[in-house]
Protein chains: 2
Amino acid sequence: MAPRKEVFRGKKVLVTGGLGFIGSNLAARLVKLGADVLLVDSLIPEYGGNLFNIHGIEKKVRVNISDVRDEHSMRYLIQGQDYLFNLAGQTSHIDSMQDPYTDLEINSKAQLFILESCRQYNPNVKIIFASTRQIYGKPEYLPVDERHPLRPVDVNGINKMAGEGYSILYNNVYGIRSCALRLTNTYGPRMRVKDARQTFLGIWIRLLVEKKPFEVWDGSQLRDFTYVEDAVDALLMVAKSDETEGQVFNLGGDSVISLKDLADLLIEVNGGGRRFIRSFPPQRKRIDIGDYYADFSRIRSLLGWEPRVSLCEGLLKTLVFYRKNLEHYR
Amino acid sequence: MAPRKEVFRGKKVLVTGGLGFIGSNLAARLVKLGADVLLVDSLIPEYGGNLFNIHGIEKKVRVNISDVRDEHSMRYLIQGQDYLFNLAGQTSHIDSMQDPYTDLEINSKAQLFILESCRQYNPNVKIIFASTRQIYGKPEYLPVDERHPLRPVDVNGINKMAGEGYSILYNNVYGIRSCALRLTNTYGPRMRVKDARQTFLGIWIRLLVEKKPFEVWDGSQLRDFTYVEDAVDALLMVAKSDETEGQVFNLGGDSVISLKDLADLLIEVNGGGRRFIRSFPPQRKRIDIGDYYADFSRIRSLLGWEPRVSLCEGLLKTLVFYRKNLEHYR
């Protein structure tokens, strides 16, 4: 096998959601690896796209502002690409309940259209779809492996399940090479901290950096967390392996922690701060999944992926980033 | 509990796909039970709707020709209904691959819209969603129970999975009482026999009645079959039970049979005819699921449902119907 660095050198790589949290971290890595990177993003204010996310690499990537729902734009842009990291999506559970059609259009219909376009205009592309643990719904057992039943508890989970389903289907039926990563709570520099639309951890970090107290809902829920650089590792690993086609893989974290303990760890790493516990808001309770953590042995066995950045180290790096750059994320 | 007959007497019942195969058989039963029946159907020529299907009850039901994608129509029609049997759908696996967007609009998006309309304008309705075994994909084990992983092998399966998912979600989150039946090969009078869009069995029966030979693809595949009156029993049983809310149930048949043996049984019941075996067309092979038969112990345990009409008897009744009425189905 060629050294990893060489795999992406000179390769044309399209990242949808490329100005978002994970997309921009992936872009920075791809630039280092010598790839020819095209970032597509809609910059919808409620989503994760932020031009500051590519600060420092803006001259080394191409940016195309368009929406994955824009069929003509996507049909053109996917042509000639070697890799498609399909990260664009509506991520807010609450928003998906309040406006289920938009969630469907972005997370389900647009994905189908992208796959159809690849089938017609670029059947040799390799596609990596960013799926989510949300499709499992409330866990029946822990840790959750990829065989766990899919019973989403919100519209977002159903539409992401469909989007993932199309991706695997186009692999199996048409040979459009696709695989999916079921991401869990990804965190790190460039995450959305303006509100809780990506993850509650974003708003915790913002408030902490602003020296304000933050709210922990309930706090007993167990979770695992993936540092964004580890997620980027996984994205690149599944992209370059031929054994991942048609497969889905969980990601996970180096440890399992309750939200209360996470809050305390965050305060400790920050060297101070305040949190208070409140009960779950009813609107959230209805779509809450209780405890969740992933069994990621499938990707570890096949590709050797595992989290390399500890939660403690990852939180510190994230805090350092936002202490310096918070003004660009408010 | 009130006698079953009384449950539906005077009740307002909306059946989408009401001029279709299962919808019209359900309508005839509901008329007998004294319900106030409204049938909605788009009469799209490639689908199952056929005005002849309500021959004999046309003065006892109301018919509204509209498409479930017609949001304004559906929003109005669902108001004031006690029961909604949500049977409208695109059913062809092949069509779903050739035109995946239409399948998505009907089987997924329109279902979401109907549920949203119920939430806003008729939250007390009870909804029965016609789901399909197609959402399981290629079985990992047999018989397939409701816990089997969902891995659809065609676009139709993914969109039906989403439609079912929304239905259960709206039950769990909003208390819009919903349940789903995962139908297997339903057959009987009023099925589409013009082509194989609903089931290959339709075209077998038509050719047999026309005294022409019919094709069996491969023939070794195992299947189970539900006679339509048994399916109607199940629809009514889940509708009137309070214990079905948020649940999904497989239906199945009284026996498991290979397609070759089914063809021979059909010829025997018909008192003559010819079939020949050919290999699977490549286009179909890619989305074929191999052997399938259902474990329907869940609905049997809870409600006592089981198939009452044997395959032999059901095939005979179907043949008798089409010998008399074929002209209306060509």
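Structure data summary
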item	result
For A:Gly246, label point 7 Å along C-beta direction: distances to other copies, nm	3.6
Rough spin-label spacing in nm, given labels placed 7 Å along Cα→Cβ, for B:Asn64 and A:Lys324	6.1
Cα centroid separation, segment A:291-330 to segment B:249-278 (Å)	57
Debye, to nearest 20: dipole size of chain B, +1 on Lys, Arg Cβ, -1 on Asp, Glu Cβ	720
Within the protein assembly as shown: Cβ-based charge dipole about Cα centre, in debye rounded to nearest 20 (Lys, Arg +1; Asp, Glu -1)	600
Ranked list, fewest to most other Cβ atoms within 10 Å of each Cβ, for A:Thr186, B:Thr16	A:Thr186, B:Thr16
For A:Asp95, net neighbour charge (Lys/Arg +1, Asp/Glu -1) across residues whose Cβ lies under 15 Å away	-1
Axis-nearest residue in chain A [Cβ, rotation onto B], distance in whole Å	A:Ala162, 2
Using a Förster distance of 56 Å, the FRET efficiency for A:Tyr101-B:Ser301 (Cβ separation, nearest 0.05)	0.90
Over the protein assembly as shown: helical MRE at 222 nm, DSSP H runs n ≥ 4 each giving -39500 (n - 2.57), nearest 500	-11500 deg cm²/dmol
Ascending list, in nanometres, of distances separating the B:Glu215 label from those of the other copies (7 Å, Cα toward Cβ)	6.3
Charge-dipole axis of the protein assembly as shown as Lys and Arg at +1 and Asp and Glu at -1 on Cβ define it, positive-most pick from B:Gly188, A:Cys118, A:Phe225	A:Cys118
Ratio Rg/Rh, restricted to the protein assembly as shown and using Cα atoms, in which Rh is the Kirkwood radius	1.01
Charge-dipole axis of chain B as Lys and Arg at +1 and Asp and Glu at -1 on Cβ define it, positive-most pick from B:Phe296, B:Asn25, B:Ala239	B:Asn25
Ranked list, fewest to most other Cβ atoms within 10 Å of each Cβ, for B:Arg151, B:Arg330, A:Arg29	B:Arg330, A:Arg29, B:Arg151
Computed lengthening from B:Lys194 to B:Asp242, 0.36 nm per intervening residue step minus Cα-Cα distance	13.4 nm
Neighbour-count order for A:Leu208, A:Leu84, fewest beta carbons within 10 angstrom listed first	A:Leu208, A:Leu84
Potential lengthening between B:Lys212 and B:Asn124 on full extension [0.36 nm per residue; Cα-Cα distance subtracted]	26.6 nm
For segment B:78-182: rounded, prolate or oblate by the Cα gyration tensor [a/c cutoff 1.5]	oblate
Label-point gap, in nm, between A:Phe276 and A:Glu140 - each point 7 angstrom along Cα→Cβ	4.1
Estimated dipole of segment B:265-327 in Debye, rounded to 20 [Cβ of Lys and Arg +1, of Asp and Glu -1, Cα centre]	260
Rounded, prolate or oblate (a/c below 1.5 giving rounded, otherwise prolate when a/b exceeds b/c) for segment B:1-154 by Cα gyration tensor	prolate
Fraction of antiparallel bridges per DSSP, segment B:169-286 only, in percent to nearest 5	25
Pairs from B:Lys11/B:Lys317; A:Lys211/A:Lys317; A:Lys160/A:Lys260; A:Lys126/B:Lys285; A:Lys60/A:Lys211 whose Cα-Cα separation, in the structure shown, is over 26 Å	B:Lys11/B:Lys317; A:Lys160/A:Lys260; A:Lys60/A:Lys211
Charge dipole of segment B:236-330 about the Cα centre (unit charges at C-beta), most positive-ward option of B:Leu311, B:Ala263, B:His328	B:His328
Beta bridges by DSSP in the protein assembly as shown, antiparallel share as percent, to the nearest 5	5
Label point 7 Å beyond Cα along the C-beta direction, distances from B:Pro45 to other copies (nm, shortest first)	4.9
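The numbers here are math on the coordinates, done by the rules we state, and not lab data. Since this is a predicted model, take the numbers as computed values, not measurements. Neighbour counts run over all protein chains shown; Cβ positions are idealised from the backbone, glycine included.
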